[in-house]
Amino acid sequence: MGNFKINMKNVAKTITIVAITVILGFWAVFTDGLIVRNSELRNGLYSTLKTLGTADMVALVNGERTSRGIPALTENSRLTNSAKAKACEMVDKDYFDHYDPAGRPPWHFFKENGYIYHFAGENLVMGYFGDQESMRRLMASPEHKENVLDPNFKEIGIGKCGDYTVQHFGTK
């Protein structure tokens with residue numbers, strides 16, 4: 001019986017340590033606090049905590065397309081990498097624009113990640129609303145909706161970092 005109580009105390013201590021670690025992790029991420037200074041690590045944690053992942057957004061885009069008789073897009077890892085690079089650069093350099101502070105267009109990220117395109121497009125979302133609400137907002141904007149529904153696009157990559165979501169569309 002004594003061993004059982006000791007084990008329960010150890011379990012309680014372990015649960016307490018895990019709870020404190022989780023709380024401190026959330027504090028560091030959401031307050032941009034002192035614990036997580038590395039921006040890549042912080043953005044990775046933030047992105048994981050605040051998003052459902054890219055597959056959900058790809059499914060939403062393809063749902064909009066197929067409901068209108070437009071073929072679904074195929075996820076492309078190079079486009080995913082370019083979109084993620086763009087989203088994280090916007091977080092790191094504190095901007096929200098299709099052109100980066102050096103004046104480079106979005107296509108710079110496509111090329112940097114080895115995606116040679118015939119057609120290319122980019123949608124940006126700032127603020128975390130969840131994937132469904134973000135998609136609703138994109139579809140309410142004529143320019144963004146045009147990218148989502150453009151039959152010239154065959155592939156897609158979604159990148160998320162912090163409160164930014166980037167959709168990169170392309171056709172090789």
Note to self: Within the range 60-106, take every residue that is surrounded by fewer than 13 Cβ atoms within 10 Å (Cβ to Cβ) and among the charged types (D, E, K, R) and give me the one that is nearest to Met126 (Cα to Cα).
What the structure shows: Asp97
Notebook entry, point to check: How many of the residues making up the range 98-118 are more than 19 Å from Ile156 (Cα to Cα) and either within 18 Å of the chain's Cα centre (by Cα) or not basic (Lys, Arg) (or both)?
Noted result: 5
Item checked: Pick from the range 119-153, criterion of a type in the set (Phe, Trp, Tyr) and within 19 Å of the chain's Cα centre (by Cα), ranking: nearest to Gly63 (Cα to Cα) -> Phe129
Check: Considering the range 59-94 alone, what residues qualify as being within 18 Å of Lys145 (Cα to Cα) and in a helix (DSSP H, G or I)?
Finding: Ala59, Leu60, Val61, Asn62, Gly63, Glu64, Arg65, Thr66, Ala83
Note to self: Restricting to the range 121-138, name every residue that is open to solvent by 30 Å² or more (accessible area, probe 1.4 Å) and either modelled with pLDDT of 90 or more or within 15 Å of His98 (Cβ to Cβ) (or both).
What the structure shows: Met126, Arg136, Arg137
Next item on the list: Give me a count of the residues in the range 118-137 that are free of Cβ contacts under 8 Å to residues at least 40 places away in the same chain and touching an Asp or Glu at 6+ places or on another chain (Cβ under 9 Å).
Entry: 2
Checklist line | Close pairs from the range 72-99: first acidic (Asp, Glu), partner surrounded by fewer than 19 Cβ atoms within 10 Å (Cβ to Cβ), Cβ under 7 Å, at least 6 apart | finding: Glu89/Asp100; Asp92/Ser39
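The values are calculated or read from the model by the stated rules, or taken from the named source; none is laboratory data. Source: prediction; values computed, not measured. As a convention, Cβ positions derive from the backbone with ideal geometry for all residues, glycine included, and neighbour counts pool all protein chains shown. Accessible surface areas use protein heavy atoms only, side chains included; no ligands, DNA or RNA. Shrake-Rupley method; radii C 1.70, N 1.55, O 1.52, S 1.80 Å.
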